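Single-structure report; data block below.
Computed from the coordinates by the stated procedures, all read-outs in this text should not be read as laboratory data. Note that the structure is predicted; figures quoted are calculated from it, not measured. Cβ placement follows ideal geometry from the backbone for every residue including glycine, while neighbour counts extend to all protein chains displayed.
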Amino acid sequence: MHTVRSIGKDIPSLTIALKPIPSHLPLEELAELFRHPAYAEVLSIPVVDNGKPVGVISRHRFTDIYLKRYGRELYGKQPVGNFTNKLPLTVAYEQPLAEAAQHITGNMQLPLTEDFIITRNGQYLGIGFVMDLIKAMEMKMRADTDELDKAYSRLKSSQTALVQSEKMASLGQMVAGVAHEINTPLGYVQNNVSIGHELFGHMQGMFASYETLVDKMLDGRSSAEEVSTQIKQIAEMRDALNMNEMLGEMHGLMEDSLYGLGQISELVLNLKNFSRMDAATTDTVSLHDCIESALNIGRNVLKNKVEIVRQFGDIPAISCAPSQLNQVFLNLFTNAAQAIEVNGRLTIKTWQADDAAHIEIADTGKGIPAENLARIFDPFFTTKAIGEGTGLGLSITYQIIQQHGGDISVTSHVGEGTRFHIKLPIKIASARDAAQQLAA
């Protein structure tokens, strides 16, 4: 039941006759629906009982639930009906287009997180797109006012950012960067092993010649001439191979290979820690370790153009969700790299004051205009082109810091750079209390 139908000759694709879900469906099954191609463009899925709509559940609401501490474990088995918006925007199929548009635009909330439901005689008929309704009204009325332009732009940005966020573009870029970083040491390890294999073959030939010499010397049937010939052959091989130089070269190859394997091991461990499934698990960790882990994961976007300056102070380990803080630091480091267009500096400073750990992350990038600075923590706000950012990174960063009982602020000047300041409490009663706070 995924066919597209029209309402009015000027409104193609206004409604999708989307198969609704029952209110008793477990919340954990909703993730698969949001990833299904048939649901790719919708912002929310209708919840229907006995043919009548009883609400909608949006991607935004679903993501908010699963960002909570132990969200998947606490809420995954509960029915979708517990989390639906029971007062969704509804339009009757018979309702005139202008009246429907007035009702929708007068009652919608920004940023846009839900579609609207279309009914016939109180029965669910399909899901409608606010964007399509606005565009239809523009075509029909031929009146493109400034206020309508602003509303349309905000709605389109919100809808596109939400759908793009589901594609996890940032995660894909991160994994691709790590793969590139692994390929570099893996390449010279492979090359070193190949050279070592060749040198080992030469050494095997030399050892075989020595064994032949010993056998001839112990064999009473071998003549002095045969022994002399074998000794001469070995001498020629030794002069040609230069054993001391060969052994030194093999030692260097092994040292380089062990260093490369260590780099690969470190990257894999950092990626494993960063992408842990138990992302909400609390632990007592060093913030410096979290910072270094994020720097390693983001190395591909930082190297060759960003100088890293560490000004680490003496701060104690704190009880936190390390996987979440890794995500915070990676978001800020990646944003800094993107803000530095050619070459620049990223300064990371830490210190302790007032029973709190302070982290300052400053870049020498292009800076943030004043009109955007107040909105950078808003969900789905982004100045990047479509496909380059979801507008969720800094919003998630803000939420994680808040859940840890901390605070994050930003100052920026165009052409000079941006500075983020994070404050995290050091004294947390226990890991259990921290877990309860993050789950709230």
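In table form, for the structure just shown:
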quantity: Computed label-point distance, nm, for sites E360 and S228 using a 7 Å Cα→Cβ extension; calculated: 8.4
quantity: Proxy reagent accessibility, fewest Cβ within 10 Å first, across I134, I400; calculated: I134, I400
quantity: Cβ-based net charge around I348, under 12 Å, with every Lys or Arg adding one and every Asp or Glu removing one; calculated: 0
quantity: Length gained when the stretch I195-S286 is fully extended (0.36 nm per residue, less Cα-Cα span); calculated: 28.7 nm
quantity: Sparse-neighbourhood loop sites, trypsin sites (Lys or Arg not before Pro) in the range 20-85 - DSSP loop, at most 11 other Cβ within 10 angstrom; calculated: K77
quantity: Charge tally in the Cβ shell below 13 Å around G415, where Lys, Arg are +1 and Asp, Glu are -1, G415 excluded; calculated: -2
quantity: Inter-label distance, nm, simple model (7 Å from Cα along the C-beta direction), A208/E29; calculated: 6.8
quantity: Neighbour-count order for I231, I368, I57, I117, fewest beta carbons within 10 angstrom listed first; calculated: I231, I368, I117, I57
quantity: Length gained when the stretch N82-E249 is fully extended (0.36 nm per residue, less Cα-Cα span); calculated: 53.3 nm
quantity: Sorted by Cβ neighbour density within 10 Å, fewest at the top, the residues F312, F83, F116; calculated: F312, F83, F116
quantity: Net charge over other residues, Cβ less than 10 angstrom from the Cβ of I401 (K, R count +1; D, E count -1); calculated: 0
quantity: Calculated FRET value between D49 and E341, using beta carbons and R₀ = 51 Å, to 0.05; calculated: 0.40
quantity: Gained length - D219 relative to K305, 0.36 nm times residue gap less alpha-carbon distance; calculated: 24.1 nm
